[in-house]
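Following: one structure in structure tokens, then a few remarks.
The values are calculated or read from the model by the stated rules, or taken from the named source; none is laboratory data. Source: prediction; values computed, not measured. Neighbour counts run over all protein chains shown; Cβ positions are idealised from the backbone, glycine included.
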Amino acid sequence: MTNPTAADVRHWQTMTFRDAETMMRWLGAIGFSEHATYRDEHDPTVVAHAEWLWSGGGGIMFGSVRPDAAVDNAGGSAAYLVTDDPDALFDSAVAAGATVLRPMVDQDYGGRGGSVADPEGNHWSFGSYQPR
């Protein structure tokens with residue numbers, strides 16, 4: 001068996017959100033698409049499990065903060081999304097409510113990138129640099 005390169009790996013980030021409805025709107029605004037969203041049968045405002053896809057491969061799995069959640073990292077996650085147009089993605093994230101943490105710049109190691117905090121404080125970096 002050979003080791004895969006970074007380009008071969010499909011990454012699934014796992015997060016927990018305090019306000020899943022707000023975050024689903026934000027994820028849609030930056031280019032994620034809903035694959036599956038399962039809600040609590042007694043409280044439909046609670047997302048028990050969701051899978052949203054990223055066009056570049058992989059995606060994000062998430063749910064609402066709740067006592068039985070497998071992961072409780074609300075506001076404490078970080079993710080890097082590779083895109084051919086990081087400036088447009090960055091602008092979409094800010095227009096949808098993100099706060100700029102690091103403006104878009106050309107990186108010394110190649111590519112262009114910048115970072116924002118989403119409405120819950122998670123750190124998102126957008127860049128054109130594809131690790132090899």
Of all residues in the stretch 44-65 being free of Cβ contacts under 8 Å to residues at least 24 places away in the same chain and under 11 Å from A20 (Cβ atoms), which is farthest from the chain's Cα centre (by Cα)?
P44
Give the stretch 76-92 a look and list any residue that's of a type in the set (G, A, S) and more than 13 Å from E120 (Cα to Cα), or say none.
A79, A88, S92
With respect to D68, determine if the residue is over 13 Å from the mean Cα position of the chain (by Cα) and farther than 21 Å from W12 by Cβ.
no
Filtering strands (runs of 3 or more DSSP E) wholly in the stretch 11-57 for at least 2 residues that are hydroxyl-bearing (S, T, Y) and out of contact with any helix residue (DSSP H, G or I) (no Cβ under 6 Å at 6 or more places or on another chain) gives 12-17, 33-39
Going through the stretch 72-117 in order, the residues found to be closer than 18 Å to L27 by Cβ and part of a loop (DSSP other than H, G, I, E, B) are N73, A74, G75, G76, S77, T83, D85, A96, G97, A98
Output the number of the condition that M1 fails; it satisfies all remaining conditions of (1) modelled with pLDDT of 95 or more; (2) of a type in the set (A, V, I, L, M, F, W, C); (3) not in a strand (DSSP E or B).
(1)
Within the stretch 66-88, which residues are within 19 Å of A117 (Cα to Cα), touching a residue at least 40 places away in the same chain (Cβ under 8 Å) and surrounded by 14 or more Cβ atoms within 10 Å (Cβ to Cβ)?
N73, A74, G75, S77, A79, Y80, L81, V82, T83, P86
Mind checking which residues of the stretch 118-129 are in contact with a helix residue (DSSP H, G or I) (Cβ under 8 Å, 6 or more places away or on another chain), assigned to a loop (DSSP other than H, G, I, E, B) and within 18 Å of G28 (Cβ to Cβ)?
D118, P119, E120
